[in-house]
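To start, the structure under review is shown below, and the notes come after it.
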Amino acid sequence: MNSFSNYAVILDRDKTINEDPGYINDSAKVKLMPQATEGLRLLNAFSIPLFVATNQSGVSRGLIQPAELAAVNRRIAELLAEGGAHVAGFYVCPHADSDNCQCRKPRSGLIDQIRSEHSLD
């Protein structure tokens, strides 16, 4: 297989990788989207690093605790791994729209962070 080491795929989390029942704060409730594992596994086969960039305003709203968010992300990674897929990292914006931060998508802060930390084109 070819290696695309200077490239990566950056995906949203909710409704892309996992179902989105609303501010999910219980890792036991994590369910993957149909075909998500297969799609990520195919990208993994080409040695393309996969990252997740996700807005999680439930943290700043007090609906999700940081430890709960970390547990949900770990569970997503575990479920993907069970199907043979791997994500290189989860990058999270915990802010609300009104915080006017640079990391909240569609702004590029999370993407810039991933690119910088992993020397990506």
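For the reader, a short list of remarks on this structure follows.
- Calculated mean residue ellipticity at 222 nm for the chain: -9500 deg cm²/dmol, from DSSP H runs with n ≥ 4 weighted as -39500 (n - 2.57), summed, divided by the residue count and rounded to 500.
- Highest-MSF residue in the chain out of ASN100, ASN55, ASN18 [GNM, Cα springs under 10 Å]: ASN100
- FRET efficiency estimate (nearest 0.05) - Cβ-Cβ, SER98 to GLU38, R0 41 angstrom: 0.60
- Choice from SER108, SER98, SER27 showing the highest fluctuation, given a GNM over the chain with Cα pairs closer than 10 Å: SER98
- Note on segment 24-70: with neighbouring protein chains present and a 1.4 Å probe, carbon and sulfur make up 57 percent of its accessible heavy-atom surface.
- DSSP beta bridge pairing in segment 1-102, given as percent antiparallel to the nearest 5: 10
- Difference of contour (0.36 nm per residue) and Cα-Cα distance, ASP112 to ALA45: 21.6 nm
- For ASP20, the residues whose modelled amide H falls within less than 5 Å of its own, excluding neighbours fewer than 5 places apart on the same chain, are LYS15.
- Measuring r between the beta carbons of ASP20 and SER119 and using R0 = 35 Å, the FRET efficiency lands at 0.65.
- Entry for P(r) over Cα pairs in 5 Å bins from 0, in percent (calculated from the structure that is shown) out of (1) 2, 11, 21, 23, 20, 14, 7, 2, 0; (2) 2, 12, 20, 25, 21, 11, 5, 2, 1, 0; (3) 2, 10, 17, 20, 17, 14, 10, 6, 2, 1, 0: (1)
- Trypsin sites (Lys or Arg not before Pro) lying in DSSP loop within segment 1-99, provided at most 10 other Cβ fall within 10 Å: LYS15
The values are calculated or read from the model by the stated rules, or taken from the named source; none is laboratory data. All of these numbers come straight from a predicted model, not from anything done at the bench. Reconstructed Cβ throughout: ideal geometry from the backbone, glycine too, with neighbour counts over all protein chains shown. Areas reflect the complete protein model, heavy atoms only, side chains present, ligands, DNA and RNA absent. Shrake-Rupley method; radii C 1.70, N 1.55, O 1.52, S 1.80 Å.
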